[in-house]
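Visitor: Before anything else, here's the structure in question.
The values are calculated or read from the model by the stated rules, or taken from the named source; none is laboratory data. All values derive from a computational prediction rather than experimental measurement. Neighbour counts are summed over all protein chains in view; Cβ atoms, including those assigned to glycine, are modelled from backbone coordinates with ideal geometry. Keep in mind that these areas ignore ligands, DNA and RNA; they rest on the heavy atoms of the full protein, side chains included. Shrake-Rupley method; radii C 1.70, N 1.55, O 1.52, S 1.80 Å.
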Amino acid sequence: MRWKFSACLTVGAAAVRDGFFMLFRARSEGRNGEHNGAYTTSSARKTYRKDTRRARALNIGRLLPAIASYAGVAAMLLVGLAKTEYEQGRQTEYFIFSVIGLVCAAMLTLIFVRKQPRPTTVDLAAALFFVWVSVSYLCMSPVDASSKYLNLIYLSLLYGSLRAVLPTFRGLGVFAFAVAMLCGLWEAVVGLRQAQGFDLSGHSLFLVTGTFFNPGPYGGCLAVMMSLALSYIARSGFMLRRQINKRSLPQVIMFWLCSAVFALSFVIFFAVMSRAAFVALTVCAAIIIFRKREWHDRIAACLTGRRKRIAAVAVVVAVAAVSVGVYGAKRGSADGRRLIWRVSTGIIAEHPLAGTGYGSFGGEYADAQASYFQQRPDSPLKAVAGSPEYGFNEYLLLGAETGVVGLALFVALMLTAACRMWRTGNRFLYGLVAMAVFAFFSYPFSILPLQTLTILFLASGAANKTKQTVRPDATGKLVSVSCCAIALLVCLMLCRVYRDKVDACRQWQRLRNLHGTQYYGDDAVKEYAALYPMLKDNPRFLFDYGQSLAKTVQYGTSNIVMTEGTRLSSDPMFHNIIGNNHMAVGRYDLAEEAYRRAYAILPNRLYPLYKLMNLYRQTGRRECAEKVAVEIIGFTPKIESSATNDMKREAEKLLRDWATN
């Protein structure tokens, strides 16, 4: 990891050139003025020396925020090179430090640089969206989602910091693009090494995941990087025919870097098998071809008369064939996402204006899916039902949690940024388009590296090539610096909370590793109780804590913790554990209700029926037990295993024993 920190310092050297250039230019201009006779008297020479010192201080003051800005942007993007963890960990710490660094850079920029960024409609949409989400969480949400909201605060501070530094330093956008391409090159190399067996993937079931824990987000990252690289290649294709000199050398290096990123990513792209990433890349490639006038004119010249009609029919047939092929490649996964979208749409229909509250998707989804299958008992989608952590459509998830208002504000934010980037020819346009298309089918706005890329695209889109900065008066500068100082104070205050959560996650992971040794004693419960204040918004922690309480015969407390988990997660196992706890203390009616609730959420799971059969047998309800046993024998689970086969054999044995008596 040492090379990442050294890279952050090395890449900041690009800022030194601009600052020292300004410094030496001021000195040379002063000397020329002195030689030309501008300062002939002693008092004039004193004034000259005073002005020169002031100019030097001003340019050195400009150099400091430039170095901080370049290093902060590099650190923010290098966060994506860290191993993406399922829980909060080292990558989260890197992200916090990069945000704090960029906030400091923004404050130095506002203090020493005379110009400040001009507010735009993108900034207005971003501010309104943050305010609405804050109101949704603080006033409407029935759950504790503090980690998710803290992450949103840091992303908002990151956006504000980038908006302060990107318009001020002209080369910072190009530098960010170059670092993003280096990150894309590294991701492609990691994927190739995993495909060849030199490195392990982040998931035991998949061969290639890059630095991510799942091939889905990895495919989305590759699609974004390939879209950025392809757009640069399309705009700079003349580099192949251009004579290399000192002025064109950086552009040639960037061209070949983008070419390497696209080529290596293309090699590993189809091994990832991400349909959402394929669609995102296809859309961006079509837009690039449409916007590239030379390519567009050539295609239009070839398609005239009858050829045009044949080409249109061929495109329609090709799109239909690809759609059928993409659907058939993973039909079960596609049907599962279709079910998630239907249920999410139902949640929006029930809570159209304000939604269910920020961070409450998991619990609300479980209730909505149970209602969906109760109304449609013969639905073929029962076989593909699951308990998703993500909505697999960021727009529907946002609409379910924050309502139509929050969804409209977010769409307005994306559209205004994309429109400004389209008009100004921003280099990050196609990255934002790829991310927006990918968000229709996956969860990029829930993964930290893709979140940081999205914030970079939005902040870059908010700046215009012309009139992007203004010269504020003393009052405006004081207000800007004060706001930046408050943001830095908020960062430092929340940093301690965030780091406590990260440390708690590490201790919890240590406890989880001891579960295989049946470490459920009183000491384990005490350790879980100490971690509870920091991790009570994590449903997986609540499940482990509730299980430990149940193993130590603290059934009442276990049910309280498990009930909190049902508000955060759609996993029916919370209800199964609640039913087990009720059954252990003899509350059979409540146990039956919990088991039936678990089965209603996921009617393709056999375990709730098995527990119901044992409950009826234990309470002497023979007819109910026989009915459930027959249902178990004819049941087709979503995933067959030795456990489901054992449950079926036990149901058959129960029927045989009662038949002989």
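Visitor: Any idea how far apart residue 263 and residue 331 come out in nm if each label point goes 7 Å out from Cα toward Cβ?
Guide: Those two pseudo-labels are separated by 4.0 nm.
Visitor: Quick one: 3J(HN,Hα) in Hz for the range 130-141, Karplus 6.51/-1.76/1.60 with θ = phi - 60°, rounded, Gly and Pro as x.
Guide: 5, 4, 5, 5, 4, 5, 4, 7, 6, 10, 10, 6
Visitor: Taking 56 Å as R0, compute the FRET efficiency from the Cβ-Cβ separation of residue 383 and residue 483 and round it to 0.05. Can you show the working numbers first?
Guide: On the way: r = 54 Å, r/R0 = 0.96.
Once the sixth-power term is evaluated, E becomes 0.55.
Visitor: Kirkwood Rh, Cα Rg: Rg to Rh for the range 520-576?
Guide: On the way: Rg = 10.3 Å, Rh = 11.0 Å.
For the range 520-576, the value is 0.93.
Visitor: Enumerate the amide H contacts of residue 390 below 5 Å, restricted to partners 5 or more residues apart or on another chain; note that Pro and chain-start residues carry no placed amide H.
Guide: For residue 390, no residues qualify.
Visitor: What is the extension gain from residue 318 to residue 411, computed as 0.36 nm multiplied by their sequence separation minus the C-alpha to C-alpha distance, in nm to one decimal?
Guide: Working: separation 93, 0.36 × 93 = 33.48 nm, distance 2.99 nm.
Length gained between residue 318 and residue 411: 30.5 nm.
Visitor: Compare 356, 660 by solvent-accessible area with a 1.4 Å probe and give them largest first, with all protein chains kept in place. Write out the running numbers ahead of the final one.
Guide: Numbers: 356 15, 660 110 Å².
In descending accessible area the options line up as 660, 356.
Visitor: Using packing as a proxy for protection, rank 99-105, 72-78, 550-556 so that the peptide with the highest average count of other Cβ atoms within 10 Å comes first. Show your work: numbers first, answer last.
Guide: Details: 99-105: 24.0, 72-78: 25.9, 550-556: 15.4.
Per-residue mean Cβ counts within 10 Å order the peptides as 72-78, 99-105, 550-556.
Visitor: Accessible area of the range 332-469 with a 1.4 Å probe: how many percent of it is carbon plus sulfur?
Guide: Numbers: 2960 of 4890 Å².
Ligands and nucleic acids excluded, carbon and sulfur reach 61 percent.
Visitor: Another one. Compute the length gained on full extension between residue 251 and residue 205: take 0.36 nm times their separation in residues and subtract their Cα-Cα distance, giving the result in nm to one decimal. Let's see the in-between values first.
Guide: Working: separation 46, 0.36 × 46 = 16.56 nm, distance 4.11 nm.
That works out to 12.5 nm of additional length.
Visitor: Run the simple label-point estimate for residue 198 and residue 588 please: 7 Å along Cα→C-beta, distance reported in nm.
Guide: Between residue 198 and residue 588, the label points sit 6.4 nm apart.
Visitor: What distance in nm separates the two pseudo spin-label positions at residue 492 and residue 342, each 7 Å out from Cα along the beta-carbon direction?
Guide: Each label point lies 7 Å from its Cα, and together they span 5.5 nm.
Visitor: Could I ask something else about it? When you count, for each residue, the other Cβ atoms within 10 Å and take the mean per peptide, how do 445-454, 335-344, 369-378 rank with the highest first?
Guide: Values: 445-454: 22.1, 335-344: 20.1, 369-378: 15.0.
So the order, starting with the most tightly packed, is 445-454, 335-344, 369-378.
Visitor: Here is a further query. Percent of accessible area on the range 134-191 owned by carbon and sulfur, 1.4 Å probe?
Guide: 72 percent
Visitor: Give me the accessible area per residue for the range 516-592, probe 1.4 Å, as a whole number in Å². Kindly include the intermediate steps, with their values, before the conclusion.
Guide: Working: 3280 Å² over 77 residues.
Per-residue accessible area for the range 516-592 comes out at 43 Å².
Visitor: Going by average Cβ neighbours within 10 Å, how do the peptides 385-397, 563-575 rank, with the highest at the top?
Guide: On the way: 385-397: 20.5, 563-575: 23.0.
The peptides rank, most packed first, as 563-575, 385-397.
Visitor: How long is the gain from residue 289 to residue 131 if the chain were fully straight, where each residue apart is worth 0.36 nm and the alpha carbon distance is subtracted? Mind dumping the intermediate values first?
Guide: Values: separation 158, 0.36 × 158 = 56.88 nm, distance 3.83 nm.
Net length gain for the segment: 53.1 nm.
Visitor: Can you tell me the FRET efficiency between residue 236 and residue 641 if r is taken as the Cβ-Cβ distance and R0 is 56 Å, rounded to the nearest 0.05?
Guide: Numbers: r = 54 Å, r/R0 = 0.97.
It comes to 0.55.
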